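Quick note: the coordinates plus some simple rules give every number you see, no bench work behind them. Because the structure is a prediction, the values reported are computed rather than measured. Don't worry about glycine lacking a Cβ; one is built from the backbone with ideal geometry, like all the others, and counts go over all protein chains shown.
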Amino acid sequence: MATTHIKRSTSASRLVNYAEKRAIKKDGLNLDIQYAKSEFKQVRAVYGNPGKTQAYASRIAFSPLEFNPQDPHDQTTVLAVAKEVYAKAYPNQQVALYEHADTDSLHVHAVIGAINLETGQKMHGNWHQYRDHLVHITDQVCQEHGLMVTRPDPNRHEKRSMAEIKLRAKQQPTWKDQIRQAVDHTMQNPLIRDFQAFQDDLKQQAVKVWERGKNLTYQLLGTNYKSRGTKLGLDYEKETIFNELASRQNQTRTNQQPERTINPTIDPAHSDPDRTPELPGHSDSTASHSQNVPRSTASSDRADRPTSQPTVSDNLKQLRQQQRQLAGPIKTDLTKRLRSIPKADQPDQSGKSDRAQTNSNRTSQKQPAPQPTQRPSEPDHSRDDGPSR
């Protein structure tokens, strides 16, 4: 059973210095392992592609149940298996392999050059894709050699690095455990239903959290210790947190909705007689109101109604017949009277109009013409008083 790991690095020489110090065995792919640092540098200079990323650091660890770290034969077998894995995964890359036996399990550190020897281009992608590719190749090689294949535990909700495992064995808390405890305490509160409340509650526990792409990043306030949710475990990833908050919001919405009861259709005249009072001057108002019933109820009432009682349609027919009987003689009498009027009387209308005009003229002649109003003459005082001065 083997586990794999890979990540980007900005210095190939630093990776070689770290892995070479404690190596019990070493080997190389597409380079001389004795001059690994210089050959990495020459390839970057030849292709003129120094860039920021110089190499990728990778590691394959084997179970102590299968290989003994102190057995020389097992050491040789593990190094050969690791070289086969990297030769299939990165056939056109420079790879320096260094085997370590300073832990309970044999593991091999690999320094992978970023430049492809055939195209001169660097590896493009993200470390998630590289890791999945490397895991797939590792499982194939282990099956060919009859070794156990690593199966991920779906119930593992926390991810811990080797340093965390060692500190936990010494019963020493880690800063990642502080973040996990703060998140667990916050999610236990049922009043936390959105991401803003989640952030505010964590801030009171000296933990800052924010969204970064598809992940959440946690950081201890006042320190540079920060980690993504994918590094802490499944319970601390963005998808898990957001799904839990969304389910809480939906639950509160359903609890706040009032219960709706469907009542059958009831005749308002029977349910509340006070709602249909008799109008003044109309004794049959209640009867006429009771007839305005939906069609569904009217059809059922027709079946139960006795045949001797006349229906509304029958009453309307009788009323229309009576109107027709009364309108017939009135119409005939009116036509007879109009025909009996002689035509000689028709000019009288013009005579009447002439008489009216002559009468109006006579009245206009009889009226005297209005005389202009004369102002009263003022007395002449000049004769009495003498000449005016």
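What are the residues whose amide H is under 5 Å from the amide H of His5, where those residues sit 5 or more places off or on another chain and H is modelled from the backbone?
Arg59
Kindly state, as a whole number, the per residue volume in cubic angstrom of the convex hull around the alpha carbon atoms of the stretch 1-133. Before the final figure, lay out the partial values.
On the way: hull volume 12.7 nm³, N = 133.
Taking the convex hull of the Cα positions in the stretch 1-133, it is 96 Å³ per residue.
Give the peptides 171-179, 46-54 in descending order of average Cβ contacts within 10 Å, highest first.
Working: 171-179: 15.7, 46-54: 12.6.
Highest-to-lowest ranking by the protection proxy: 171-179, 46-54.
Taking every pair of alpha-carbon atoms in the stretch 175-241, give the share separated by more than 20 Å as a whole percent.
On the way: 332 of 2211 pairs.
Every Cα pair in the stretch 175-241 considered, those over 20 Å come to 15 percent.
List the residues whose amide H sits under 5 Å from the amide H of Tyr218, counting only those 5 or more places along or on another chain, with H placed 1.01 Å from N in the peptide plane.
Here Ser227, Arg228, Gly229 satisfy the definition.
State the Cα centre-to-centre distance between the stretch 166-223 and the stretch 78-150 in whole Å.
Spelled out, the Cα-based centre of one part sits 34 Å from the other.
Order the peptides 217-224, 19-26 from the highest to the lowest mean number of other Cβ atoms within 10 Å of their residues. Could the numbers behind the result be given before it?
Working: 217-224: 13.8, 19-26: 16.1.
Packing order, densest peptide first, comes out as 19-26, 217-224.
Cross-link list Lys83/Lys122; Lys41/Lys214; Lys7/Lys203: which exceed 27 angstrom alpha carbon to alpha carbon?
Details: Lys83/Lys122 21 Å; Lys41/Lys214 35 Å; Lys7/Lys203 31 Å.
Those over the limit are Lys41/Lys214; Lys7/Lys203.
Check Ala101: other-chain or 5+ apart residues with amide H under 5 Å from its amide H, H built from backbone geometry?
Those qualifying (amide H under 5 Å, at least 5 residues apart or on another chain) are Ile24.
Quick check: convex hull over the Cα atoms of the stretch 1-58, volume per residue in Å³, rounded to an integer? Present the calculation step by step, with values, prior to reporting the outcome.
Working: hull volume 5.9 nm³, N = 58.
Spread over its residues, the Cα hull of the stretch 1-58 gives 101 Å³ apiece.
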